[in-house]
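Notes follow the structure.
The values are calculated or read from the model by the stated rules, or taken from the named source; none is laboratory data. This is a predicted model, so every value here is computed, not measured. The accessibility values were calculated without ligands, DNA or RNA, using every heavy atom of the protein model including side chains. Shrake-Rupley method; radii C 1.70, N 1.55, O 1.52, S 1.80 Å.
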Amino acid sequence: MAVTAVVAAAPTVAERLEVVRGRIAAAGGSNSAVTVVAVTKGFGPEAVAAALDAGVADVGESYAQEMATKVGALGAADAGRAEAGPCRWHFLGHVQRNKVRRLAPAVHLWQAVDRLSAGAEIARWSPAAQVLVQVNVSGDPAKHGCRPEDVGALVEALAGLGLQVRGLMAVGPSGPPEAAREGFRSLARQADRLGLAERSMGMSDDLEVAVQEGSTMVRLGRALFGSRPSAPGPRR
């Protein structure tokens, strides 16, 4: 008798999103209070469409060229602005000043501002833009982010440029999820002291710890789309 192989279909983004929402709830978070940002880095424009179809309105990119390509694929140069369409673009990468002018019309939220010069360039091309200050909570000199002790001064200086500083952002350290707890807790406390509402912390592996420590925004790639394809070359 011939044996017929049964190949299970890969979960859809909508199905994965339901799993994510279950994880947030199990960690004690409210799905109405925690924004899911779909990180489409390394995936094609179809990933953006799938996220939007699943009900995720916030999409994050780390590379300027990838973001520009996907914004164009959606058919509107300013697709990230709320009044222009359903997609709110978040730029998650280290802000390179020479790329700001190109990205500014599309970016809804700049998530990784860690120095005043980057903020000044954003303010030049997108007055009153919404930003988060990236904090290096691990102390690893190889990682981006301003030092925790410099956050207050940077927030004040960015606000002085007319930018809307909505909150703080951090990337957890490499290793087990629990290793991120102290840094996330510190970030949340600092946001509280500064009166900032947003705490963007937590990714696919450590979102439970982030939610437990007060995250209001989690940045998810693999949890929504599966393993990221191998990059064909450098992205800028």
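For this structure, a couple of remarks:
- Expressed as a whole percent, the accessible area of the chain that falls on carbon and sulfur atoms is 52 (1.4 Å probe).
- Subtracting the Cα-Cα distance of Glu46 and Ala159 from their residue separation scaled by 0.36 nm leaves 37.1 nm.
- Kirkwood hydrodynamic radius of the chain, from inverse mean 1/r over distinct Cα pairs, in Å: 18.2 Å
- Computed log₁₀ I(q)/I(0) - Debye formula, equal Cα scatterers, no solvent, region 141-234, q 0.14, 0.16, 0.17 Å⁻¹: -0.58, -0.73, -0.80
- Backbone amide hydrogens, once placed in the peptide plane, bring Ala112 within less than 5 Å of Leu132, excluding anything fewer than 5 places away on its chain.
- Fully extending the segment from Ser32 to Asp53, taken as 0.36 nm per residue of separation minus the present Cα-Cα distance, adds 5.7 nm.
- The chain: DSSP helices with Cα axial extent of at least 15 Å and average Kyte-Doolittle hydropathy no lower than -0.5: 13-26
- Full extension of the chain between Asp205 and Arg185 yields a length gain of 5.5 nm, computed as 0.36 nm times the residue separation minus the alpha carbon distance.
- Put simply, the amide H of Ser215, placed in the peptide plane, has no neighbours under 5 Å, leaving out anything fewer than 5 places away on its chain.
- In the context of the full set of protein chains, the chain has a per residue accessible area of 48 Å² (1.4 Å probe).
- Rounded Å value of the spacing that divides the Cα centres of region 128-195 and region 41-60: 26 Å
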